[in-house]
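S.K.: Following this message is one structure expressed as structure tokens.
The values are calculated or read from the model by the stated rules, or taken from the named source; none is laboratory data. What you see is a predicted model; the values in this text were computed from it and never measured. No Cβ is skipped: glycine too gets one built from the backbone with ideal geometry, and neighbour counts run over all protein chains shown. In case anyone asks, the SASA skips ligands and DNA or RNA and just uses the protein heavy atoms, side chains included. Shrake-Rupley method; radii C 1.70, N 1.55, O 1.52, S 1.80 Å.
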Amino acid sequence: MTIGQLIDTAVGPIALGMSPTPHRDAEELYALAAGIAITEIDRDAEPDDKTAEEFQRLTDSRISGVPMAYLTGVAPFAGLELRVGAGVFVPRRDFSDPVEPALEHVRATTAPLIVDLCAGAGAVALAVAHRRPDAEVHAVEIDEQAYGFAELNAADRVAAGDTAIHLHRGDVTAPDVLAELNGRVDVVVTNPPFVPEHAQLPPEFAVHQPRIAIYAGPDGLDVIRGAVDTAARLLRPGGALVLEHGHLHGETMPALFAADTRFTGVTLHPDRFGYPLYLLALRAG
Ligand SMILES: C[S@@+](CC[C@H](N)C(=O)[O-])C[C@H]1O[C@@H](n2cnc3c(N)ncnc32)[C@H](O)[C@@H]1O
């Protein structure tokens, strides 16, 4: 069997393990097993036994739902390579991008003040800081393990030349979180946990990633409600909230904001497949 055939035979089982990107996963796992870049894979050559064994081990893990990024140790996001591992939410490079609307809102603002609530590995905050070196970026994360990865990634980005972000270990629903920034923030961006507790998810999310990153009470809004209160307190009049809520809340979000006079100009934005992804709301006043 050639390397190409070995990779191809893994695609079907990986797809059955509910990966949305089985071809790419199979190639990445082979490259990882062989210790080479994907571009160095010679599909016509024969694999050595050690590489084939390691590829099988990695493939079995992937089929059981272990996130690709836990296997590779790296998550690409918005042009950055972030360190991740068990215990932290994997930034979703294919679906999740509240970075662009956040940047768009401050395109004409010098030295904007930007806050990322529920920072995880620091993906959104670090991507914003990378693109806007003049920005003052704060990021809040409650979980110890996630915060540890955010610290590592923040240090990596400073070493790479980006402006340092301000990391805070805390609860985004607390009434005093980042109180020193009250009424001054240009953009609050957040990708909080938003899945209702009873929802069925693939093992990649339900089993392998931390519950605190995924689930948020019976209706999935336990963290969103508090984060919205925090955003309303932090934002200056005209400042923007960019809130990722996923397709589960395409109807609950407009209802939540319709009754909230603190925000105006609420718009819903789909992902590239047309499913609800995030909303943008402006602080009234
Ligand atoms: C869906 S993950 C998103 C992480 C990151 N923003 C990203 O896009 O990769 C949600 C994160 O929120 C954190 N979190 C959950 N509840 C929180 C709370 N009350 N305060 C602060 N962070 C919280 C979780 O630990 C997790 O890291």
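S.K.: For Asp219, only one of the following conditions fails: (1) within 20 Å of the chain's Cα centre (by Cα); (2) closer than 26 Å to Gly65 by Cβ. What is its number?
M.R.: Checking Asp219 against (1) within 20 Å of the chain's Cα centre (by Cα); (2) closer than 26 Å to Gly65 by Cβ, the one that fails is (1).
Yes or no, residue by residue, for (1) within 14 Å of the ligand (Cβ to nearest atom); (2) over 30 Å from Val66 (Cβ atoms):
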{"residue": "Ala174", "(1), (2)": "yes, yes"}
{"residue": "Val188", "(1), (2)": "yes, yes"}
{"residue": "Glu197", "(1), (2)": "yes, no"}
{"residue": "Glu204", "(1), (2)": "yes, no"}
{"residue": "Glu244", "(1), (2)": "yes, no"}
{"residue": "Leu248", "(1), (2)": "yes, no"}
{"residue": "Arg272", "(1), (2)": "no, no"}
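S.K.: Working carefully through the options Pro254, Pro276, find the one that is over 17 Å from the mean Cα position of the chain (by Cα) and either within 14 Å of the ligand (Cβ to nearest atom) or open to solvent by less than 60 Å² (accessible area, probe 1.4 Å) (or both).
M.R.: Going through Pro254, Pro276 in turn, the sole match is Pro254.
S.K.: Part of a loop (DSSP other than H, G, I, E, B) and at pLDDT 95 or above: which single residue out of Ala45, Ala69 fits that description?
M.R.: Result of the check over Ala45, Ala69: Ala45.
S.K.: Next question. Being loosely packed, with under 12 Cβ neighbours inside 10 Å, more than 19 Å from Tyr70 (Cα to Cα) and touching a residue at least 24 places away in the same chain (Cβ under 8 Å), is that true of even one residue in the range 20-43?
M.R.: Checked the range 20-43: no residue is loosely packed, with under 12 Cβ neighbours inside 10 Å, more than 19 Å from Tyr70 (Cα to Cα) and touching a residue at least 24 places away in the same chain (Cβ under 8 Å).
S.K.: Take Gly217 and decide whether it is within 15 Å of the ligand (Cβ to nearest atom) and surrounded by fewer than 20 Cβ atoms within 10 Å (Cβ to Cβ).
M.R.: Here the answer is yes, as Gly217 does meet what is asked.
S.K.: Which of the residues belonging to the range 86-120 are on the phi > 0 side of the Ramachandran plot and either touching a strand residue (DSSP E or B) at 6+ places or on another chain (Cβ under 8 Å) or more than 10 Å from the ligand (Cβ to nearest atom) (or both)?
M.R.: Ala111, Cys118, Gly120
S.K.: Scan the range 124-145 for residues that are closer than 15 Å to Pro210 by Cβ and buried (at least 23 other Cβ atoms within 10 Å of the Cβ) and jot them down.
M.R.: Glu141, the sole residue that qualifies.
S.K.: Any chance you could count how many residues in the range 67-77 are within 10 Å of the ligand (Cβ to nearest atom) and surrounded by fewer than 23 Cβ atoms within 10 Å (Cβ to Cβ)?
M.R.: 0
S.K.: Name the one entry in Val189, Val195, Val207 that is within 23 Å of Ala121 (Cα to Cα) and surrounded by 22 or more Cβ atoms within 10 Å (Cβ to Cβ).
M.R.: Within the list Val189, Val195, Val207, the selection yields Val189.
S.K.: Next question. Restricting to the range 233-246, name every residue that is touching an Asp or Glu at 6+ places or on another chain (Cβ under 8 Å) and open to solvent by 10 Å² or more (accessible area, probe 1.4 Å).
M.R.: Arg236
S.K.: If you go through the range 143-154 one residue at a time, do you hit one that is within 11 Å of the ligand (Cβ to nearest atom), at pLDDT 95 or above and of a type in the set (Phe, Trp, Tyr)?
M.R.: Among the residues of the range 143-154, at least one is within 11 Å of the ligand (Cβ to nearest atom), at pLDDT 95 or above and of a type in the set (Phe, Trp, Tyr), which makes the answer yes.
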